[in-house]
Amino acid sequence: MKFVETGLPGVMLIEPKVFEDARGYFMETWRESLYRDAGIDAEFVQENVSRSLHRNTLRGLHYQVVEPQGKLVRVIEGSVFDVAVDLRRGSPNYLKWVGFELSSEERRLLWIPPGFAHGFLVTSDAAEFEYKCTAYYAPEHDRAIRWDDPDIGIDWPLQAGVAPVLSEKDANAPYLAEAETYE
């Protein structure tokens, strides 16, 4: 596995070794010792899969207060533009974001540490997305920030004039100024 630093300290792209032949492929996506050696000391307690049925489906920006989750994410089918936003008020990188195209063809993973918001935009006709979490989902601590908050300024690769497909939760998410973040 190759661990690639991103422009946001703590967020890391992971490029697994992929072994392909006429039958298909095999790859290892998680080995604790390799991740720990790369500076990612994570214990996963929950794994989730989401399926998006439409291009331009946008999920996020989501995070948990009190019990923040680190997430190891990857695309099983299709492609997405995946985003991490530093929401730790004391961080020198507060409100900075990074975004990467993740796809089932490239097979890269992204590590998003606790204290970051996460979201993604489906860039293929449909997408299946998997994420391992370091803390259990806690609905009472679940939070969201508007995907288009100008204080964050994410450059989502939306087609001109096309509105994203949003859940009610994401469409009604507060702007950062009204949102609870991390100290």
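The values are calculated or read from the model by the stated rules, or taken from the named source; none is laboratory data. Given the structure is predicted, the values throughout are model-derived calculations rather than measurements. Positions of Cβ are generated from backbone atoms using ideal geometry, with glycine treated the same way; all protein chains shown enter the neighbour counts.
For this structure, a couple of remarks:
- When the range 3-32 is filtered for residues that are basic (Lys, Arg) and either assigned to a strand (DSSP E or B) or surrounded by 11 or more Cβ atoms within 10 Å (Cβ to Cβ) (or both), only Arg31 remains.
- Annotation: of all residues in the range 155-171 being part of a loop (DSSP other than H, G, I, E, B) and touching a Leu at 6+ places or on another chain (Cβ under 8 Å), the one that is surrounded by the fewest Cβ atoms within 10 Å (Cβ to Cβ) is Pro157.
So that you can scan it fast, the table gives a plain yes or no per residue for (1) in a loop (DSSP other than H, G, I, E, B); (2) out of contact with any strand residue (DSSP E or B) (no Cβ under 6 Å at 6 or more places or on another chain):
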{"site": "Ala117", "(1), (2)": "no, no"}
{"site": "Ser124", "(1), (2)": "yes, no"}
{"site": "Glu130", "(1), (2)": "no, no"}
{"site": "Tyr137", "(1), (2)": "yes, yes"}
{"site": "Arg146", "(1), (2)": "yes, yes"}
{"site": "Asp151", "(1), (2)": "yes, yes"}
{"site": "Ala173", "(1), (2)": "yes, no"}
{"site": "Ala177", "(1), (2)": "no, yes"}
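- When Gly115, Gly119, Gly70 are screened for being within 21 Å of Pro164 (Cβ to Cβ) and at pLDDT 95 or above, only Gly119 passes.
- Breaking point among (1) farther than 18 Å from Leu102 by Cα; (2) within 17 Å of the chain's Cα centre (by Cα); (3) among the hydroxyl-bearing types (Ser, Thr, Tyr), for Thr57: (1)
- Within the range 114-151, being among the small types (Gly, Ala, Ser) and touching a residue at least 60 places away in the same chain (Cβ under 8 Å) holds for Gly115, Gly119, Ser124, Ala126, Ala127, Ala135, Ala138, Ala144.
- Taken over the range 78-104, the criterion of being of a type in the set (A, V, I, L, M, F, W, C) and either on the phi > 0 side of the Ramachandran plot or without any contact (Cβ under 8 Å) to a residue 24 or more places away in the chain (or both) is satisfied by Leu95 alone.
- Pairs where the first residue, in the range 1-21, is within 12 Å of Ala38 (Cβ to Cβ) and the second is surrounded by fewer than 14 Cβ atoms within 10 Å (Cβ to Cβ) and of a type in the set (Lys, Arg), C-beta under 6 Å, 6+ apart: Glu15/Lys2
- Scanning the range 33-46 turns up at least one residue that is touching a residue at least 24 places away in the same chain (Cβ under 8 Å), surrounded by fewer than 21 Cβ atoms within 10 Å (Cβ to Cβ), outside any loop (DSSP other than H, G, I, E, B) and touching a strand residue (DSSP E or B) at 6+ places or on another chain (Cβ under 7 Å).
- Of all the criteria given as (1) surrounded by 21 or more Cβ atoms within 10 Å (Cβ to Cβ); (2) farther than 23 Å from Val4 by Cβ, the one not satisfied by Phe120 is (2).
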